[in-house]
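Visitor: Input: one structure, supplied below.
The values are calculated or read from the model by the stated rules, or taken from the named source; none is laboratory data. Keep in mind that what you see is a predicted model, and the values were worked out from it rather than measured. Note that each Cβ is placed from the backbone with ideal geometry, even for glycine, and that neighbours are counted across all protein chains shown. Calculation scope for accessible area: heavy atoms of the full protein, side chains included, ligands and nucleic acids excluded. Shrake-Rupley method; radii C 1.70, N 1.55, O 1.52, S 1.80 Å.
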Amino acid sequence: MSAASHPSQLIDQFGRRVDYIRLSITDRCDFRCVYCMGEDMTFLPRAEVLSLEECARLVRTFVSLGVSRVRITGGEPLVRKNALSLFEDIGRLPGLRELTMTTNGSQLERYARALKQAGLSRINISVDSLDPERFHNITRVGDLDKVMRGIQAAKEAGFTRIRLNTVLMHGINEDETIPLVEFAIQQRLDIAFIEEMPLGAVDHDRASTYVSNQATLKLLQSHFTLHNSTESTSGPAHYWRIADTGTRIGFISPHSHNFCEACNRVRITCKGELYLCLGQENKVDLLPLLRENPKDDEPLRAAIIDSMRIKPKGHDFDLRRREPAVIRFMSHTGG
Ligand code: SAM
Ligand code: SF4
């Protein structure tokens, strides 16, 4: 059945239709980005994390309920052993219109071609600096050269509309706004600026590093001719086209622009927790339903449909608060 003739059965109490899931397949990562993780992280024991078969079963169930877009994320999805087999399992599910992934790019040189063959449609690659030393400092361990080779490999594998994701931080990498966009233009990539979200306790003061996308847009408008675009990639990014280039600039602005009204998504953590909103605690634990009913998807389907009742109207991020709104790390929830 085609996705068009099979609209999502998942409709919340505000009439929003959920047709997009983001699934974190691991909380582990080979980087330790300063805005995302602490330096010393304790990762979950293997038994508490969804197996790849459970991940595939979850995706199949959501797709059978009409979800047509799936983003695989983490942690770093490609550090999960055999992650490729999951993409092969779900890449060509009938009804799935788009399978995408967010990655730090460190393993792409190795996997890009096979991922393309498995049916992955698009990739977002996180890059916060073009300076190797600064990149290393932001990621605490990352090798920029390896990520650059990963971007190249993705292009060579035939991925189009590759998008860079950048979290700008005042006093850390804000001065690279223009060079990053110039790099995107030169490499024929899109780029999205993500405002730092107060998820998980980190060791810098987010209120002082916060850069509003409004300010970034203003800066970019003074350097480039930008055309406001109504295009959407089904995510929360608002896009602008750079005149005379193929590059689009996206802005993901949880603070300065409230994207909740059009929210069409839910998130599933690597523990199988279905979070109805990135910034709220409302959740349903799907792991017990998976494990207690290995051959029967009905309890799982019923719980997913029922979860729509508790999808909150919106998130509640406030940088002035000392404590993060939600103690979950992005690497746990999936970006
Ligand atoms: N490891 C992959 C990566 O870095 O692309 C995928 C997971 S990561 C959690 C997904 C996205 O979330 C990345 O683009 C990252 O920059 C972003 N991110 C992580 N923590 C964030 C935070 N506190 N605020 C805003 N974006 C964040
Ligand atoms: Fe890892 Fe991605 Fe978090 Fe960086 S943002 S620490 S690459 S999960």
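Visitor: Could you give the angle, 0 to 90 degrees to the nearest 10, between helix 177-187's Cα long axis and the longest principal axis of the Cα atoms of the chain?
Guide: 70
Visitor: Can I ask one more? For the chain, which span is the longest to avoid every loop-located (per DSSP) member of GluC sites (Glu not before Pro) having at most 14 other Cβ atoms inside 10 Å?
Guide: 40-230
Visitor: Can I ask one more? Relative contact order of the chain: what whole-number percent is it, with Cα pairs under 8 angstrom and at least 6 residues apart?
Guide: Result for the chain is 22 percent.
Visitor: Any number yet on Rg/Rh for region 10-99, C-alpha, Kirkwood?
Guide: With Rg and the Kirkwood Rh in hand, the quotient comes to 1.02.
Visitor: How big is the gap, in Å, between the Cα center of region 28-75 and the Cα center of region 81-152?
Guide: Spelled out, the Cα-based centre of one part sits 14 Å from the other.
Visitor: Moving on. Let's test the formula: R0 of 25 Å, r as the Cβ-Cβ distance of E133 and R110. What FRET efficiency results, to the nearest 0.05?
Guide: Computed FRET efficiency for E133 and R110 comes out at 0.50.
Visitor: If you don't mind, another one. Could you tell me what percent of the DSSP beta bridges with both partners in region 3-333 are antiparallel, to the nearest 5?
Guide: Given both bridge residues lie in region 3-333, the antiparallel proportion sits at roughly 30 percent.
Visitor: Oh, and also: Roughly how compact is region 3-333, stated as its Cα Rg over 2.2 N^0.38 Å to two decimals?
Guide: It is 0.95.
Visitor: Hey, another quick one. Between 0 and 90 degrees, rounded to the nearest ten: what's the tilt of helix 108-118 against the longest Cα principal axis of the chain?
Guide: The two axes meet at around 40 degrees.
Visitor: Cβ neighbours within 10 Å, averaged per peptide: list 6-13, 293-300 in order, most packed at the top.
Guide: Per-residue Cβ counts within 10 Å, averaged per peptide and sorted highest first, yield 6-13, 293-300.
Visitor: How much of the accessible area of the chain, in percent, comes from carbon and sulfur atoms when a 1.4 Å probe is used?
Guide: With neighbouring chains kept in place, the figure for the chain is 48 percent.
Visitor: What percentages, rounded to whole numbers, describe P(r) for region 104-197 computed over all alpha carbon pairs with 5 Å bin width beginning at zero?
Guide: Bins of 5 Å from zero give 3, 14, 25, 26, 18, 10, 4, 1, 0 percent of pairs.
Visitor: On to the next question. Between helix 52-64 and the chain, what is the angle of the helix's C-alpha long axis to the longest principal axis, kept within 0 to 90° and rounded to the nearest 10?
Guide: Approximately 80 degrees, to the nearest ten.
Visitor: Which number gives the lysine pairs in region 3-333 that have C-alpha atoms under 26 Å apart and are eight or more places apart or on different chains?
Guide: 15
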